[in-house]
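Presented below is the structure to which this report refers.
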Amino acid sequence: MKITSFEEKKELRFKGIQVAYATVCLRKLWLFSKGITMEHTSDRVALGKFLDETSFKREDGFSDENVSIDFVTSREDLIVHEVKSSKALEEAHIMQVKYYIYYLRSKGIQVSHGLLHYPRLRRIERVDLSEGDVKGIESILHRIEEVLSLPTPPKVINKPYCKKCAYYEFCYG
Ligand code: SF4
């Protein structure tokens, strides 16, 4: 399934992490996208440990000017892999992987599916991109554009997961 609709209108230029943040908190999306970044490395640490403990290597990753995929494997079609430290924001993780599939397919690359790895939990979740998901991803991409055009960040959202967010002190301090 080659995806062209959003691609026909404009170049895909968003990072997977922006799609994930758009799912979690539009304020977080705005802050990150404007270059206000906070130290938050738990997923990077999980990836490093995972690569140390498996036969995969950093060179198995895929990155270009927009996306940075933890690693990819190939049978007939490509499989994209993302490693996360916890399932707390699983919905956002799933959208990030769906976006990677969407992104690569829009470039004409045959992608079978994605796999989300939670090594601490010893869990692997399969992620597929359906026709309905394509509309969902495109709606997120439009939302990202709208949010990034705002002159000031959206309001704090007061969710339980704010306490674990890298921007917690910035938002509530
Ligand atoms: S602390 Fe809460 S409101 Fe602030 S960026 Fe994080 S998730 Fe959004």
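What follows draws every value from the coordinates through simple rules; no lab data is involved. Here the structure is a predicted model, which is why all the values come from computation and not from measurement. Heads up, the Cβs are rebuilt from the backbone with ideal geometry, glycines too, and the neighbour counts pull from every protein chain shown.
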Open item on the list: Take the residue pairs 87/163; 34/98; 34/84; 15/84; 28/155 and return only those whose Cα atoms are more than 19 Å apart.
Closed with: 34/98; 34/84
- [ ] Give me the Kirkwood hydrodynamic radius of the chain, using the inverse of the mean 1/r over all pairs of distinct Cα atoms, in Å to one decimal.
- [x] 16.8 Å
Open item on the list: I want to check the label-to-label distance for residue 42 and residue 66. Put each point 7 Å from Cα in the C-beta direction and report it in nm to one decimal.
Closed with: 2.9 nm
TODO: Please check which bits of segment 68-85 a label hung off residue 54 would reach, taking the label as a point 7 Å along Cα-to-C-beta and the cut-off as backbone N under 15 Å.
DONE: 69-75, 79-85
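Taking only DSSP H segments of four or more residues, each worth -39500 (n - 2.57), what value at 222 nm results for the chain once the sum is divided by all its residues, to the nearest 500 deg cm²/dmol?
Taking each H run of at least 4 residues, the total per residue is -13000 deg cm²/dmol.
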- [ ] Give, rounded to the nearest 20 debye, the magnitude of the charge dipole that the chain has about its Cα centre when Lys and Arg contribute +1 at Cβ and Asp and Glu contribute -1 at Cβ.
- [x] 600 debye
Task: Distance between modelled label sites at residue 157 and residue 120, nm, 7 Å Cα→Cβ extension - done: 2.0 nm
- [ ] Go through 106-118, 158-170 and give me the packing order, highest mean Cβ count within 10 Å leading.
- [x] 106-118, 158-170
